[in-house]
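The values are calculated or read from the model by the stated rules, or taken from the named source; none is laboratory data. What you see is a predicted model, and the numbers here were worked out from it, not measured in a lab. A quick note on method: Cβ atoms are made from the backbone with ideal geometry, for glycine too, and the neighbour counts reach across all protein chains shown. The area values use the complete protein model at the heavy-atom level, side chains included, leaving out ligands, DNA and RNA. Shrake-Rupley method; radii C 1.70, N 1.55, O 1.52, S 1.80 Å.
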Amino acid sequence: MDGVRDGRWIRQANHFTDRLGPAEPGRYRLYASYACPWAQRVLIVRELLGLQDLLDVAIVDPIRDERGWRLPDGGFLSELYLATDPGFEGRHTVPCVWDLKERRIVTNDFPQITLDLETRWGGTPDLYPEELRDAIDALNDRLYHGLNNAVYEAGFARSQEAYEDAVRRVFATLDFLEERLTGSEFLFDRLTESDVRAYTTLARFDTVYSTHFKCSIRRLTDYPAVWAYARRLYAIPAFRETTDFDHIKRHYFMTQTAINPNRLVPLGPELDWSL
């Protein structure tokens, strides 16, 4: 389960960490949510690499209650977790990949799922080119600790000190991205895994994180280069078609009642994501 230490929120470790086997039509099913940034990463990569016929997808309901994520067939994701490990007691998270042949969850290790698709299943474009892997890994680590996970550390902090530490990391990272992206189309000289990881947080920033998680020093739209970059990615069909602002807003504001006890979904912000 997620934990708290000295007021600081700590994400639970990923429980199922087997690697994906070779691509095999009809064998694997991805359980994902349009609301979840970690799950959207996999949806984007699946579309970019043209893996739709190799990886089936089931989209869960965006409103998660005490029973967890509801599946399209009316069941719950928890049933798959407990079928794989009857002793599992943590949160039942998306994304996860179900093996239809072995009837078990192979992985809910969200950082590794996209890398497996890119290196084990292949396709074009090459989002994790061998000559850039060390640099991509280093940037991904910075993005995770300074942005992707840091917004959650801010939102779920239990002390002012923990909140302020997380928020400062968020905006230091956005400042870094603004400098890096000024005059650059992507984070490297081509579209990579790092762009996918950055995008899913940026897509939710002004809509959710700036208000709901109190990451409110500046808006995404206050960063000219980053805002232009986010819209440039959104113009790519794999990014745009997996971005559902309705799911995003309803999930965060209606599910996380410790932050928003009245479950009110705000109107706006009015953002023009077109280039």
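Among residues that are over 23 Å from Arg197 (Cα atoms), aliphatic (A, V, I, L, M) and in contact with a Leu (Cβ under 7 Å, 6 or more places away or on another chain), Leu71 is included. In region 203-219, how many are farther than 11 Å from Val170 by Cα and assigned to a helix (DSSP H, G or I)? Qualifying residue count, region 203-219: 5. Applying the set (1) closer than 19 Å to Tyr234 by Cα; (2) open to solvent by 10 Å² or more (accessible area, probe 1.4 Å); (3) among the β-branched types (Val, Ile, Thr) to Val196 leaves exactly one unmet item: (2). The set of residues in region 221-253 that are touching a helix residue (DSSP H, G or I) at 6+ places or on another chain (Cβ under 7 Å) and under 11 Å from Trp273 (Cβ atoms) comprises Thr221, Trp227, Ala230, Leu233, Tyr234, Phe239, Arg240, Thr243, Phe245. Inside region 240-275, residues that are assigned to a loop (DSSP other than H, G, I, E, B) and under 21 Å from Phe156 (Cα atoms) make up a count of 11.
Of the set (1) open to solvent by less than 30 Å² (accessible area, probe 1.4 Å); (2) at positive phi; (3) not aliphatic (A, V, I, L, M), all apply to Arg263 but (1). Only one of the numbered conditions (1) at pLDDT below 95; (2) under 23 Å from Asp126 (Cβ atoms) is violated by Glu185, and that is (1). Where helices (runs of 4 or more DSSP H) sit wholly within region 26-128, those with at least 3 residues that are without any contact (Cβ under 8 Å) to a residue 60 or more places away in the chain and surrounded by fewer than 17 Cβ atoms within 10 Å (Cβ to Cβ) occupy 77-84. Considering only region 162-169, I want to know if a residue exists there that is closer than 20 Å to Arg11 by Cβ, among the acidic types (Asp, Glu) and either open to solvent by 10 Å² or more (accessible area, probe 1.4 Å) or outside any helix (DSSP H, G or I) (or both). The answer is yes, given that some residue of region 162-169 is closer than 20 Å to Arg11 by Cβ, among the acidic types (Asp, Glu) and either open to solvent by 10 Å² or more (accessible area, probe 1.4 Å) or outside any helix (DSSP H, G or I) (or both).
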